[in-house]
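Worksheet: one structure, shown below.
The values are calculated or read from the model by the stated rules, or taken from the named source; none is laboratory data. Just so we're clear, the structure is a prediction, and the values are computed from it rather than from any experiment. As a convention, Cβ positions derive from the backbone with ideal geometry for all residues, glycine included, and neighbour counts pool all protein chains shown. The accessibility values were calculated without ligands, DNA or RNA, using every heavy atom of the protein model including side chains. Shrake-Rupley method; radii C 1.70, N 1.55, O 1.52, S 1.80 Å.
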Amino acid sequence: MSTRRAAGLWAWLDERVGHRRALADLRAARMPGGASMMYVFGWALTFLLGVQMVTGILLALTYSPSVSAAWASVAYLEDQTTWGHLVRGLHHHGASAVVITTGLHLAQTAIYGAYKRPREINWLLGVVLLLFILGFALTGYLLPWDATGYAATQIATGIAGSTPIVGDGLRQGLQGGNELGNLTLTRFFGLHVLILPALTVTVAVLHIRLYRRHGPTPRWGRPPAELARTSQPAWPHQRVRDLGAMALALALVIIAHVTFGGAPLEEPADPSAEFDARPAWYFRPLFQALKYVDGAAETVVAIGGPALVIGYLLLLPWLDRKAERAPRQRLAALGLLAIIGVAGAGLLARSYVDDAADPGLAARQQASAERAAHARSLARRFGVPAAGGPSVFQSVPYYAARKVWVARCASCHEGDERKAPVVGPGYAGRAWIRGFLVAPAADAYFGRTKLAGEAGMPAVEQTGADLDALVELIYAQTGATDADAALVARGQELFSDEEVACTDCHSIARDVAGDSGPGLHGWGSRRYLESLLDDAGAPRHYGPHSGMARFDDLAPSVAREVADYLVWLRTATEAELAALEPVR
């Protein structure tokens, strides 16, 4: 594009937008008494709010505000989305930076007496912005729907519910019911991404507009003539400092992201589980203060404490109406602010000291961190089931089956104290069947059961090819697709041979019990194993010799999965079994 065309486009845009005058006004602004780093906090805060807006929009593109999908969407963003870990980390630590910068801006404004006439309205707008910022922090904490956010929000809504007169309605309005759930999450999401941003932008624009009207508050103790003589244009003197403060703020947020490993994501929220709730650091002073009271005093501290602090900030321009701005002449007003700040810092520090001195808490937090890491690992490998949240722990292969196995089967079929045949990798495979036929009373088979003696099965006398044929016949009953048809046919001949005498005790016909032993049709298949679980003492199975409890209380889907798990063991190796995620 030629210079002439660029100038024409610039002029066309200015005629419609008026940006030249706005830029000129920005350059023409002056700093009475000269530029100073004490004036950078407002612009640094504006920049950080912009960072929060941009990262928040990016987060919203992958977030799903529902109980079943919220945690899964955040875990997906963190672990599987390009730059997702960075974006969420900047948003998380940026929130802390916003709170800190707001506090510094408030302190600088108070020290300079910038709440005095004619800047009272701008001070009030600043306090309102502080409340909105804390509102962002409170509503955003729940959105991941993890254990921390859930537990902390329960406490926060409980405090809101203790407000006299309007408490119950306020809590119901925030929660959308008696308990935290989908309506709570969608309402907090709406507040966080729609209502609070709109209100914050509106108030921030008014705040900046009044700042432009009244200009910066110069340092106290300097006469007007000196202020005029030492004044400097905002550009470049002050604006360079502002840009430096913005760059420093962003650098510190990035450093915090790297140092703390991004934003935390705890295990999925489980309303039935206990959790040691800890709020974000900027709410910890109130959390610590509540430890020192109980009963009705908790409500007084939880509601009255913040109300008194905010009330004092709002009334400060009228409580300190004298014209003097020198801090030594405003010791009462600034002293009370200092007491509030020191008390808050002390309670904050004490909260962390108490936690560090509690070994039980450290152990529970470590266990929770391990569960969180485990949940995220499962989400990466297997996804999160439609039920969402805690169901991620059930996404491991054969979860329901192995949970039943650990609770009701392992004590009998695993370990030194077992009292039934070993069931593990290779169960119902060729090697397992061969070992059983050769020595059914061996320790790994019926050696620890009622079938180990005379009531049990004698060892087969066949060897070599005949033994191979009998093994293949029984192996084929499992439904294995690699059974050798010729060997199976030979095995059927041997099975029916009167000299071999298998039919004296067993039947291989469908659903027919043997005379004194189990029916073998479909032995080891899923259908057979489901029937065995339902009633191992049925005539088709072990009859009165069965020492196995019935599993007829299992849901059909769970019984089917247990049977599938046992079928899977036939071809599984010890390494493959060990590689399965542990059932928790």
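Remarks
- Ser368 meets all of the listed conditions (1) touching a residue at least 12 places away in the same chain (Cβ under 8 Å); (2) over 27 Å from Ala151 (Cα atoms) but one, namely (2).
- Picking from residues in the stretch 544-577 that are outside any loop (DSSP other than H, G, I, E, B) and without any contact (Cβ under 8 Å) to a residue 24 or more places away in the chain, the one that is farthest from the chain's Cα centre (by Cα) is Pro544.
- Annotation: of all residues in the stretch 184-221 being of a type in the set (Ser, Thr, Tyr) and in contact (Cβ under 8 Å) with a residue 40 or more places away in the chain, the one that is surrounded by the fewest Cβ atoms within 10 Å (Cβ to Cβ) is Thr186.
- From the list Leu131, Leu174, Leu124, the one residue that fits, being free of Cβ contacts under 8 Å to residues at least 60 places away in the same chain and aliphatic (A, V, I, L, M), is Leu174.
- Single match in Ala251, Ala245 (criterion: under 41 Å from the mean Cα position of the chain (by Cα), open to solvent by 30 Å² or more (accessible area, probe 1.4 Å) and among the small types (Gly, Ala, Ser)): Ala251
- Qualifying residue in the stretch 467-482 (condition: part of a loop (DSSP other than H, G, I, E, B), of a type outside the set (Asp, Glu) and crowded, with 19+ Cβ neighbours inside 10 Å): yes
- Of all the listed residues (Val406, Val392), the sole one being touching a strand residue (DSSP E or B) at 6+ places or on another chain (Cβ under 7 Å), assigned to a helix (DSSP H, G or I) and among the hydrophobic types (A, V, I, L, M, F, W, C) is Val392.
- Matching entry among Gly388, Gly424 (being more than 21 Å from Asp564 (Cα to Cα) and of a type outside the set (A, V, I, L, M, F, W, C)): Gly388
- Single unsatisfied condition, Ala431 versus (1) of a type outside the set (Lys, Arg); (2) outside any loop (DSSP other than H, G, I, E, B); (3) open to solvent by 30 Å² or more (accessible area, probe 1.4 Å); (4) touching a residue at least 12 places away in the same chain (Cβ under 8 Å): (4)
- Qualifying position, being in contact (Cβ under 8 Å) with a residue 60 or more places away in the chain, assigned to a loop (DSSP other than H, G, I, E, B), small (Gly, Ala, Ser) and open to solvent by 20 Å² or more (accessible area, probe 1.4 Å), among Ser66, Ser96: Ser66
- Among the residues listed as Ala379, Ala401, Ala386, the single one being aliphatic (A, V, I, L, M) and surrounded by fewer than 18 Cβ atoms within 10 Å (Cβ to Cβ): Ala386
- Within the stretch 286-309, being β-branched (Val, Ile, Thr), within 32 Å of the chain's Cα centre (by Cα) and closer than 30 Å to Arg119 by Cα holds for one residue alone: Ile303.
- Only a single criterion out of (1) among the acidic types (Asp, Glu); (2) surrounded by 13 or more Cβ atoms within 10 Å (Cβ to Cβ); (3) modelled with pLDDT of 90 or more is not satisfied by Asp553, namely (2).
- When the stretch 497-533 is filtered for residues that are outside any loop (DSSP other than H, G, I, E, B), surrounded by fewer than 18 Cβ atoms within 10 Å (Cβ to Cβ) and at pLDDT below 90, the ones remaining, listed by number, are Thr503, Asp504.
- Selection within the stretch 449-466: residues that are part of a loop (DSSP other than H, G, I, E, B) and modelled with pLDDT under 85. The member of this set that is nearest to Ala431 (Cα to Cα) is Gly456.
- In the condition set (1) aromatic (Phe, Trp, Tyr); (2) over 19 Å from the mean Cα position of the chain (by Cα); (3) open to solvent by less than 50 Å² (accessible area, probe 1.4 Å), Phe393 is compliant with all but (2).
- For the residues Ala307, Ala338, Ala302, the requirement of being within 30 Å of Ile165 (Cα to Cα) and without any contact (Cβ under 8 Å) to a residue 24 or more places away in the chain singles out Ala307.
- Residue in the stretch 50-63 that is nearest to the chain's Cα centre (by Cα), counting only those that are open to solvent by 50 Å² or more (accessible area, probe 1.4 Å) and in contact (Cβ under 8 Å) with a residue 24 or more places away in the chain: Leu58
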